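The values are calculated or read from the model by the stated rules, or taken from the named source; none is laboratory data. Keep in mind the model is a prediction, meaning the values are calculated, not measured. For neighbour counting, all protein chains shown are included, and Cβ atoms are generated from backbone atoms with ideal geometry for every residue, glycine included. With ligands, DNA and RNA removed, areas are computed over all heavy atoms of the protein, side chains included. Shrake-Rupley method; radii C 1.70, N 1.55, O 1.52, S 1.80 Å.
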There are 2 protein chains.
Amino acid sequence: MEEQNKKILLVEDDPNFGTVLRDYLMMNDYDVVHAKNGMEGFEKFKKDDYDLCILDVMMPYKDGFTLAKEIREKNTDVPIVFLTAKAMKEDVLKGYKVGADDYLNKPFDSEVLLMKIKAIMQRKATETIADSKQFEFEIGRFHLNSKLRFLRFDDEEPVKLSPKENELLRLLALHENDLMPRELALTKIWRDDNYFTSRSMDVYIAKLRKYLKPDPKVEILNIHGEGFRLVVNS
Amino acid sequence: MEEQNKKILLVEDDPNFGTVLRDYLMMNDYDVVHAKNGMEGFEKFKKDDYDLCILDVMMPYKDGFTLAKEIREKNTDVPIVFLTAKAMKEDVLKGYKVGADDYLNKPFDSEVLLMKIKAIMQRKATETIADSKQFEFEIGRFHLNSKLRFLRFDDEEPVKLSPKENELLRLLALHENDLMPRELALTKIWRDDNYFTSRSMDVYIAKLRKYLKPDPKVEILNIHGEGFRLVVNS
DNA sequence: TTATCATTTAACCTTACATTAACAAAAATG
DNA sequence: CATTTTTGTTAATGTAAGGTTAAATGATAA
């Protein structure tokens, strides 16, 4: 069985450092795409699927955090590692908020980076639920296209979904007829599990119920204290 | 419904720092068990299940790495975070080798620690591999789905069960036709065995009997002073 | 900037749940 | 058989979770 190399998107504006890092990673059997700024980074990200993103925080035009947020909108799962020169606490916290998987202060040791990458890849490997890349669903008489973020009822004009609506419905669909734990949605979509995110989620459940009303066979049931269940009655 | 706090094993030999850290974590809604050295840490680890281990690296008798290796032998999944005073590269690499999930250099910012803990817990939450617990039972003409918390009689509309109803019936079903000791249910479900929890349990037995009435062959018998017995007559 | 859309927070209401009380009935005990 | 202990059952109470709508905040693009 041919083992496919892992693909890394490296976004680093310093040309010297970026090239050195790229070469070093490639020597260690990673496929690396090197973007020289945030804009380019996002373009490249959209064009391909990556196993990991390494983002410099300080970049002209578009900093690493902004880029991370954009990436997160497209893909909630891909691991992100930030590179930063200054070890500012605010930065670190900001990073975790956008869902960083790790954090490295420059200058860092390349072996350490390699270890971190390995650890992250391993983590992701265990998660491998078949859900990672399913984007289209039939839900009763509805069709959900989660990539283009729309929901269509029969042949009617599709309804556009907001990012949160979309992710939530997708997560429910992935667990169709089964329990979708509150905690799962909160950690995966909201990246934080507290009173307010929980209430926010309830608001989105209400929105989804409204969208799903046209088909009486489709409903979102609550399991008190546990989560929700998207059921399609036959 | 009482949300179960996450359990943290903190192994730190410095009594001042350890206590401060423990209190800080407890203030943030974690259940913390504080061990003062590696030996004690391993003892405590074996006695309970933890969601996270925070290990100081430099400790007398048994250092953090050795402890981590022992822990990994017992449990391949539990996240481990190391605390270390010196930012030695060798240490960091060694840490990752024994399967660390993260690394913190003392002195560190408590908010950063909290963020890291959150991030780690989130990762684990995603893994949600349905463990091999038994969740479905046939009880006479009833079907109990203990994961989705419903009880169905023949093909009729399922009845929703409350968490306590559900767990109690599940426990009875696991002991079908056999004695289910009062004490077992009280310690497992109510986590306390006293007059009031006992009366509460009786109330739930009454509720279950009502649910089970439709099938005359199914009944919950009392064994005076001992417990209950879910019997299915043929 | 304004206008627009997404998301969060607030407010208010309803439902779900667990506990406790109260009283009745069985079972055990001396 | 009288008394105590345990169990059966229903109802009342307090609290937490969820449902829903609207307003406030934030973010984005024209």
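Considering the conditions (1) out of contact with any helix residue (DSSP H, G or I) (no Cβ under 8 Å at 6 or more places or on another chain); (2) outside the structural domain of B:Val81 (by TED's automatic domain parsing), B:Phe142 is excluded by exactly one of them, (1).
Just one residue in the set A:Met201, A:Met180 is surrounded by 16 or more Cβ atoms within 10 Å (Cβ to Cβ), assigned to a strand (DSSP E or B) and either more than 10 Å from DNA strand C (Cβ to nearest atom) or on the phi < 0 side of the Ramachandran plot (or both); that residue is A:Met180.
Pairs meeting the criteria (first residue in segment B:217-230 and over 17 Å from B:Asp193 (Cβ atoms), second residue open to solvent by 80 Å² or more (accessible area, probe 1.4 Å) and more than 7 Å from DNA strand D (Cβ to nearest atom), beta carbons under 8 Å, at least 6 apart or on different chains) are B:Lys217/B:Arg141; B:Lys217/B:Ser234; B:Val218/B:Arg141; B:Arg229/B:Asp178. Please enumerate the residues belonging to segment A:141-177 that are in a helix (DSSP H, G or I) and of a type in the set (Asp, Glu). If the condition is that a residue be in a helix (DSSP H, G or I) and of a type in the set (Asp, Glu), then A:Glu165, A:Glu167 are the ones that fit. Here A:Asn222 meets the list (1) surrounded by fewer than 16 Cβ atoms within 10 Å (Cβ to Cβ); (2) part of a loop (DSSP other than H, G, I, E, B) almost entirely, failing just condition (2). Of all residues in segment B:183-198, those being assigned to a helix (DSSP H, G or I) and either more than 9 Å from DNA strand C (Cβ to nearest atom) or more than 23 Å from B:His143 (Cα to Cα) (or both) number 11. In summary, A:Thr187 fulfils each of the numbered conditions (1) crowded, with 19+ Cβ neighbours inside 10 Å; (2) at pLDDT below 95; (3) touching a Phe, Trp or Tyr at 6+ places or on another chain (Cβ under 9 Å) with the single exception of condition (3).
Among residues of segment B:119-129 being at the interface with chain A (Cβ under 7 Å from one of its Cβ atoms) and modelled with pLDDT of 75 or more, the one that is surrounded by the most Cβ atoms within 10 Å (Cβ to Cβ) is B:Ala119. Only one of the listed residues (B:Tyr50, B:Tyr96) is assigned to a loop (DSSP other than H, G, I, E, B), aromatic (Phe, Trp, Tyr) and open to solvent by less than 60 Å² (accessible area, probe 1.4 Å). That residue is B:Tyr50.
Residues of segment B:135-170 that are within 16 Å of DNA strand C (Cβ to nearest atom) and crowded, with 19+ Cβ neighbours inside 10 Å: B:Leu144, B:Ser146, B:Leu148, B:Arg149, B:Leu151, B:Leu161, B:Asn166, B:Leu168, B:Leu169, B:Arg170.
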